[in-house]
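The values are calculated or read from the model by the stated rules, or taken from the named source; none is laboratory data. From a predicted model like this one, the values you see are computed outputs, not experimental measurements. Cβ coordinates were reconstructed from backbone atoms using ideal geometry, including for glycine residues, and neighbour counts include every protein chain displayed. The accessibility values were calculated without ligands, DNA or RNA, using every heavy atom of the protein model including side chains. Shrake-Rupley method; radii C 1.70, N 1.55, O 1.52, S 1.80 Å.
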Amino acid sequence: MKENAWLTYTDEDINELEILSDQYKEFLTKCKTERECTAFFKEEAEKAGYRNLEELIEENDSLKKGDKIYAQGMGKTIALFEIGTQPITDGMNILCAHIDSPRLDLKQVPLYEDTELAFLDTHYYGGIKKYQWVTIPMALHGVVAKKDGSVIPINIGEDPEDPIVYITDLLVHLAGKQMAKKGTEIVTGENLDVLIGSRPLEGEEKNAVKANILKLLEEKYHIEEDDFISAEIEVVPAGPARDCGLDRSMIAGYGHDDRVCAFPSFQAMMEVSGVERTTCCILVDKEEIGSVGATGLQSMFFENTVAEILALMGTDSNLAVRRTLSRSSMLSSDVSAAYDPAYSEAFEKKNCAYFGKGMVINKYTGARGKSGSNDANAEYLARLRRIFDDNQVAFQTAELGKVDFGGGGTIAYIAALYGMEVVDSGVAVLSMHSPCEVISKADLYEAKKGYKAFLKNA
């Protein structure tokens, strides 16, 4: 078994680790949706001198070696590039992570009243154990787009002065039949409605509690009931990310999957400059539901962005796009399952990830017989081993649990369709897809080191 990374650190390493961890906790607390992540990364990139690709296109500007640019996709996806000294058609070094996380989305007609209680109807997003999402403090994050073109941000439940919202569960005294059900049936999707009010509006005879909620929304946000049709509001766990463990060696919070890879990927991109080979960091939406839609990696967003960059560099051809992508190397920066001794029956000890052993390399994911997997080439793994060893990056290899227990997928197989070299690499997570996941600070630190080494040397 690999040495625990904590035992290798100097005082300087520990200081850098804690600084990164504090920055990450602040990010994780602030950015709980893909829109909030994209806005954060855009702002930080602009501070670091990155320019908006759309503005360059409108101005018919050109790109040259050393230029730093970014492109956004509908406010939910962002790609960043630094043009290297080598021709971009020789390929890029790419970090790709996703910034969406399992959650509950409001339905388009969500608001209703039942027995003088007001609720918001939800539809869960991604793979969750539904029983984990009840009886905990929840917050509302998102936007409401109105017919006049204005977009109103929503954030209720994070400020200590805010109210929270809540999903009820049946009291244990009456739950005999419920407790006898399978785990998938203890709480159903239609049970995940959010309790938001109980005070009736004076003078209203019908649905007076709902009327009072609508009155409050109109007063504070100028939102009418029909505006929910064009809203994207997510129900997420309320509260900050926090240190975990008496030794403060871990971080507990919502959304580690996959923001614990997105954040160090972005940080690595900001810290690596003056590159020979063009570097790229793309942070995408919709991975948790198959990378579909206009903001998922299956869309043409990334390919179109590369085409626009090539055009601004004087190479406007489909063949140049194909060559650039096929000659690129990517780390699909996604999380892996950490070994949990409480559930040891799900893991095969020789081939699983452990806390404190560094970033995780998953040669393949998929389910059971590698279904839906990208299976990385041995030659590519050998290159990465050399890069990580030469740069003193602690890393480990893993599979996602025992072969017949299930499995999961990432964006790796989508990028591999271009013919580029891709492998999954990220951070081990305990209680993945729950409202509060846990990671090791050491693994976060090693992931950032690994991503920097990859950008500079792949």
Candidate lysines - alpha carbon under 26 Å from K349, same-chain residues fewer than 8 apart omitted: K2, K129, K357, K363, K370, K402, K441, K448, K449
Trypsin sites (Lys or Arg not before Pro) lying in DSSP loop within the range 156-237, provided at most 10 other Cβ fall within 10 Å: K182, K206
Selection from P264, Q23, A415 lying farthest towards where the dipole of the chain points positive, charges on Cβ: A415
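R242 to L195: FRET efficiency via 1/(1 + (r/R0)^6), r the Cβ-Cβ distance, R0 22 Å, to the nearest 0.05? Before the final figure, lay out each step's value.
Working: r = 25 Å, r/R0 = 1.14.
The pair R242/L195 has a calculated efficiency of 0.30.
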Rh by Kirkwood over Cα pairs, then Stokes-Einstein D for the range 98-201 at 0.890 mPa s and 25 °C, µm²/s: 158 µm²/s
Directionally averaged projected area (convex hull, Cα atoms, the range 8-49), nm²: 3.9 nm²
For the chain, size of Cβ-based charge dipole, Lys and Arg +1, Asp and Glu -1, in debye: 1660 debye
Computed magnitude of the charge dipole of the range 1-151 (debye, nearest 20; Cβ of K, R +1, Cβ of D, E -1): 520 debye
Accessible area of the range 220-263 belonging to carbon and sulfur atoms, whole % at 1.4 Å probe: 51 percent
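Where does the range 166-306 land on Rg(C-alpha)/(2.2 N^0.38 Å)?
Working: Rg = 22.6 Å, N = 141, 2.2 N^0.38 = 14.4 Å.
It is 1.56.
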Dimensionless Rg/Rh of the chain - Kirkwood Rh, Rg from C-alpha atoms: 0.99
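With +1 on each Lys and Arg Cβ and -1 on each Asp and Glu Cβ, and nothing else charged, work out how big the dipole of the range 296-411 is about its Cα centre, in Debye to the nearest 20. The partial results should precede the final answer.
Values: 13 positive and 13 negative charges, 63 e Å.
The dipole magnitude comes to about 300 debye.
Evaluated at 25 °C with a viscosity of 0.890 mPa s, what Stokes-Einstein diffusion coefficient in µm²/s does the range 60-126 have when Rh comes from the Kirkwood expression over alpha-carbon pairs?
Details: Rh = 16.5 Å.
The estimated diffusion coefficient comes to 149 µm²/s.
How much length, in nm to one decimal, is gained on full extension between K350 and T8, taken as 0.36 nm per residue of separation minus their Cα-Cα distance?
Details: separation 342, 0.36 × 342 = 123.12 nm, distance 2.21 nm.
Contour length minus the Cα-Cα distance gives 120.9 nm.
Under 17 Å between C-alpha atoms is the cut-off here; go through the range 14-108 and count lysine pairs that meet it, provided they're at least eight residues apart or on different chains.
Values: K30/K42; K30/K76; K32/K42; K32/K76; K42/K68; K42/K76; K47/K68.
Close lysine pairs found across the range 14-108: 7.
Quick one: net charge of R35's neighbours, Cβ under 11 Å, K/R +1, D/E -1?
That works out to -3.
Using the alpha carbon gyration tensor of the range 368-458, what are the three equivalent-ellipsoid semi-axes (square root of 5 times each eigenvalue), largest first, in whole Å? Could the numbers behind the result be given before it?
Values: eigenvalues 99, 80, 27 Å².
Ellipsoid semi-axes (Å, largest first): 22, 20, 12.
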For the range 177-260: Kirkwood Rh in Å [reciprocal of mean 1/r, alpha carbons]: 17.3 Å
Neighbourhood net charge (10 Å Cβ-Cβ; Lys/Arg +1, Asp/Glu -1) for T410: -4
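May I ask you to give the solvent-accessible area per residue for the range 117-273, in square angstrom, as obtained with a 1.4 angstrom probe?
Here the per-residue accessible area is 54 Å².
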Of all accessible heavy-atom area on the range 127-215, the percent that carbon and sulfur account for (1.4 Å): 55 percent
Computed lengthening from E271 to K107, 0.36 nm per intervening residue step minus Cα-Cα distance: 55.0 nm
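Take every DSSP beta bridge with both residues inside the chain and express the antiparallel ones as a percent of the total, to the nearest 5. Working shown, then result.
Details: 53 of 75 bridges.
Taking every DSSP beta bridge within the chain, about 70 percent pair in antiparallel fashion.
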The chain: angle of helix 208-221 to the longest principal axis, Cα-based, in degrees nearest 10: 40 degrees
In degrees, nearest ten, helix 301-312 long axis to first principal axis of the chain (Cα): 50 degrees
Calculated [θ] (222 nm, deg cm²/dmol) that DSSP helices of n ≥ 4 give over the chain, each run adding -39,500 (n - 2.57): -9000 deg cm²/dmol
Heavy-atom accessible area per residue - the range 407-458, 1.4 Å, Å²: 25 Å²
Computed label-point distance, nm, for sites E18 and D226 using a 7 Å Cα→Cβ extension: 5.7 nm
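Counting only protein heavy atoms and using a 1.4 Å probe, what share of the accessible area of the range 300-458 belongs to carbon plus sulfur, as a whole percent? It would help to have the intermediate numbers written out before the result.
On the way: 3180 of 6410 Å².
The value for the range 300-458 is 50 percent carbon and sulfur by accessible area.
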Cα lying deepest toward the dipole's positive end in the range 1-142, options S62, A45, A79, charges on Cβ: A79
Rounded tilt (10° steps) of 11-30 against the dominant C-alpha axis of the chain: 40 degrees
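Please report Rg over Rh for the range 281-383, where both radii come from the alpha carbon positions and Rh follows the Kirkwood definition. Don't jump to the answer; show the numbers that get you there.
Working: Rg = 17.8 Å, Rh = 16.8 Å.
Using Cα coordinates only, the ratio equals 1.06.
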Inter-site label distance for T85 and S317 at 7 Å from Cα along Cβ, in nm: 2.6 nm
Ranked packing of 280-286, 168-174, 357-363, most packed first, by mean Cβ within 10 Å: 280-286, 357-363, 168-174
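Excluding Q72 itself, calculate the net charge of residues whose Cβ lies under 9 Å from the Cβ of Q72, where each Lys or Arg counts +1 and each Asp or Glu counts -1.
Values: positive: K42, K76; negative: E54.
Neighbour charge sum, excluding Q72 itself: +1.
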Within the range 268-296, backbone nitrogen closer than 20 Å to the virtual label 7 Å beyond the Cα of A145 toward Cβ: 284-287, 289, 291-296
Accessible area of the range 52-112 divided out per residue, in Å², using a probe of 1.4 angstrom: 38 Å²
